[in-house]
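Asks: A single structure is presented below for examination.
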Amino acid sequence: MNSSLNPTRRRVLFALGALPLAARALAAPQKPAEIGMLEAINQAGRQRMLSQRMAKLYAQQLRGVREADARGLLADSMALFDKQLQTLREFAARKNAPELIQTYEQLATRWLDYRRVVGTPASNDGLKTVAALNEQVLALANQGTLQLEALHGGSLGKLVNIAGRQRMLSQRMSKFYFFSVTGVNTPEVSKGLDAARKEFVAAMQTLKMAPENTKDTESWIKLAETQWMFFDDALRGNAKQHEQAYLENNVAVSSENILQVMDKLTGLYATLS
């Protein structure tokens, strides 16, 4: 893939947003027997992202933004979380790692609570519960990812974790945005959005400088940087210049676009050796 980004290519990439969001699925995880440690880190990190994506999509439905797409993506996200959780629990058992096994037992319990809420029609009361539970699921999913990275002990494991965390941060920022416009505009929401934005920018620099990069990963990093410009512009959109519905649609679309690119990049890192 050519690492340069000409204007035509940029327009084509952002035009992904014109497609129905539900038509664009994340990469399906491999079967449990096939995964190695790097793929385990990839899937564990994707669980972090899904915790934030589901909260975003729940709030997005309340706003009536691409509502049908949001429902479809939420259902897909729940199914993917279920599948990866089973894979990771089986992987932890095969590795005979007691702390990792315990983490995924705890995550399975907390996930049941979260699943019950995000699987029901969106409501203002439900959003309050989602706002609390998504953070608990995220914390346990992150704990499992870090434990797997430590078991791997190599630089590639760290890269898969960092790239995978970028997926989560994209959804975390859009979650905070939709929380804010639905009325959950506490100081923690604005601070969380700012902190996630700063972490995302710093981590992109880390990925750019990684000596393990290949031509393929460098190309996808460039694509991610382009999508970040679109996404950041959407998050900072000015309601005085555009209708609020237009701004919210931009956040919904651009958050999914950058997620697709970062998921691909993370998968590439997970295949390096």
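The values are calculated or read from the model by the stated rules, or taken from the named source; none is laboratory data. The structure presented is a predicted model; accordingly, all values stated were derived computationally and were not measured. Positions of Cβ are backbone-derived with ideal geometry, glycine not excepted, and every protein chain shown enters the neighbour counts. The accessibility values were calculated without ligands, DNA or RNA, using every heavy atom of the protein model including side chains. Shrake-Rupley method; radii C 1.70, N 1.55, O 1.52, S 1.80 Å.
Asks: Of these, Asn134, Asn142, Asn124, which one is over 24 Å from Asn249 (Cα atoms) and not aromatic (Phe, Trp, Tyr)? It would help to see each step written out before you state the result.
Replies: On the way: Asn134 fails: over 24 Å from Asn249 (Cα atoms); Asn124 fails: over 24 Å from Asn249 (Cα atoms).
Going through Asn134, Asn142, Asn124 in turn, the sole match is Asn142.
Asks: Look through the stretch 171-192, keep the residues that are in a helix (DSSP H, G or I) and of a type in the set (Val, Ile, Thr), and return whichever of them is nearest to Asn134 (Cα to Cα).
Replies: Start the filter on the stretch 171-192 by keeping residues that are in a helix (DSSP H, G or I), which leaves 171-181, 187-192.
Next, only the ones that are of a type in the set (Val, Ile, Thr) stay: 181, 189.
Details: Val181: 18, Val189: 13 Å.
Restricting to residues being in a helix (DSSP H, G or I) and of a type in the set (Val, Ile, Thr), the top hit is Val189.
Asks: Also, I was wondering about something else. Is it fair to say Ala203 is within 15 Å of Ile162 (Cβ to Cβ), open to solvent by less than 80 Å² (accessible area, probe 1.4 Å) and in a loop (DSSP other than H, G, I, E, B)?
Replies: Details: within 15 Å of Ile162 (Cβ to Cβ): yes; open to solvent by less than 80 Å² (accessible area, probe 1.4 Å): yes; in a loop (DSSP other than H, G, I, E, B): no.
Spelling it out, it is not the case that Ala203 is within 15 Å of Ile162 (Cβ to Cβ), open to solvent by less than 80 Å² (accessible area, probe 1.4 Å) and in a loop (DSSP other than H, G, I, E, B).
Asks: Output the residue which, of all residues in the stretch 93-104 that are free of Cβ contacts under 8 Å to residues at least 40 places away in the same chain and in a helix (DSSP H, G or I), is most open to solvent (accessible area, probe 1.4 Å).
Replies: Step by step, filter the stretch 93-104, then rank; the result is Arg94.
Asks: Still on this model: So which residues in the stretch 53-79 are basic (Lys, Arg) and either in a loop (DSSP other than H, G, I, E, B) or surrounded by fewer than 24 Cβ atoms within 10 Å (Cβ to Cβ) (or both)?
Replies: In the first step, residues of the stretch 53-79 are kept if they are basic (Lys, Arg); the result is 53, 56, 63, 66, 71.
Across the stretch 53-79, the qualifying residues are Arg63, Arg66, Arg71.
Asks: Here is a further query. So which of Ala163, Ala196 is in contact with a helix residue (DSSP H, G or I) (Cβ under 6 Å, 6 or more places away or on another chain) and touching a residue at least 60 places away in the same chain (Cβ under 8 Å)? So that I can check it myself, show each step before the final result.
Replies: Numbers: Ala196 fails: touching a residue at least 60 places away in the same chain (Cβ under 8 Å).
Of the residues listed, the single one that is in contact with a helix residue (DSSP H, G or I) (Cβ under 6 Å, 6 or more places away or on another chain) and touching a residue at least 60 places away in the same chain (Cβ under 8 Å) is Ala163.
Asks: Given the criteria more than 20 Å from the chain's Cα centre (by Cα) and surrounded by fewer than 21 Cβ atoms within 10 Å (Cβ to Cβ), does Asn142 qualify?
Replies: no
Asks: I'd like the residue in the stretch 220-264 that is in a helix (DSSP H, G or I) and over 20 Å from the mean Cα position of the chain (by Cα) and, out of all such residues, is nearest to Gln61 (Cα to Cα).
Replies: Quick first cut of the stretch 220-264, residues in a helix (DSSP H, G or I) only: 220-235, 244-264.
Then keep just the ones that are over 20 Å from the mean Cα position of the chain (by Cα); that gives 244-247.
Working: Gln244: 15, Ala245: 13, Tyr246: 15, Leu247: 15 Å.
In this case the residue turns out to be Ala245.
Results for (1) modelled with pLDDT of 95 or more; (2) over 16 Å from Ser170 (Cβ atoms), shown as yes or no for each residue.
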| position | (1), (2) |
| --- | --- |
| Thr8 | no, yes |
| Gln47 | yes, no |
| Gln52 | yes, no |
| Gly72 | yes, yes |
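Asks: Next question, about the same structure. Could you please find all residues in the stretch 105-130 being assigned to a helix (DSSP H, G or I) and open to solvent by 30 Å² or more (accessible area, probe 1.4 Å)? Spell out the reasoning first.
Replies: Step one: list which residues in the stretch 105-130 are assigned to a helix (DSSP H, G or I), which gives 105-118, 124-130.
Matches in the stretch 105-130: Glu105, Gln106, Thr109, Arg110, Leu112, Asp113, Arg115, Arg116, Asn124, Asp125, Lys128, Thr129.
Asks: Please pick out the residue among Val184, Val137 that is open to solvent by less than 10 Å² (accessible area, probe 1.4 Å), aliphatic (A, V, I, L, M) and in contact with a helix residue (DSSP H, G or I) (Cβ under 8 Å, 6 or more places away or on another chain). Can you show your working first?
Replies: On the way: Val184 fails: open to solvent by less than 10 Å² (accessible area, probe 1.4 Å).
One residue alone meets the criteria, Val137.
Asks: Another one. Would you point out which residue out of Ala79, Ala97, Ala55, Ala59 is closer than 18 Å to Ala252 by Cα and out of contact with any Lys or Arg (no Cβ under 6 Å at 6 or more places or on another chain)? Lay out the reasoning, then the answer.
Replies: Details: Ala79 fails: closer than 18 Å to Ala252 by Cα; Ala97 fails: closer than 18 Å to Ala252 by Cα; Ala55 fails: out of contact with any Lys or Arg (no Cβ under 6 Å at 6 or more places or on another chain).
Exactly one residue qualifies, and that residue is Ala59.
Asks: Let me ask something else about it. Taking the stretch 172-181 as the search range and keeping residues that are within 21 Å of Ala245 (Cβ to Cβ) and either under 19 Å from the mean Cα position of the chain (by Cα) or of a type in the set (Ser, Thr, Tyr) (or both), which one is surrounded by the fewest Cβ atoms within 10 Å (Cβ to Cβ)?
Replies: First, the residues of the stretch 172-181 that are within 21 Å of Ala245 (Cβ to Cβ): 173-181.
Cutting the leftovers down to either under 19 Å from the mean Cα position of the chain (by Cα) or of a type in the set (Ser, Thr, Tyr) (or both) gives us 173-180.
Working: Met173: 27, Ser174: 30, Lys175: 30, Phe176: 26, Tyr177: 24, Phe178: 27, Phe179: 26, Ser180: 15.
The residue in question is Ser180.
Asks: Further question: So Phe179 ticks every box in (1) at pLDDT below 95; (2) closer than 20 Å to Met54 by Cβ but one. Which box is left unticked?
Replies: Unmet for Phe179, out of (1) at pLDDT below 95; (2) closer than 20 Å to Met54 by Cβ: (1).
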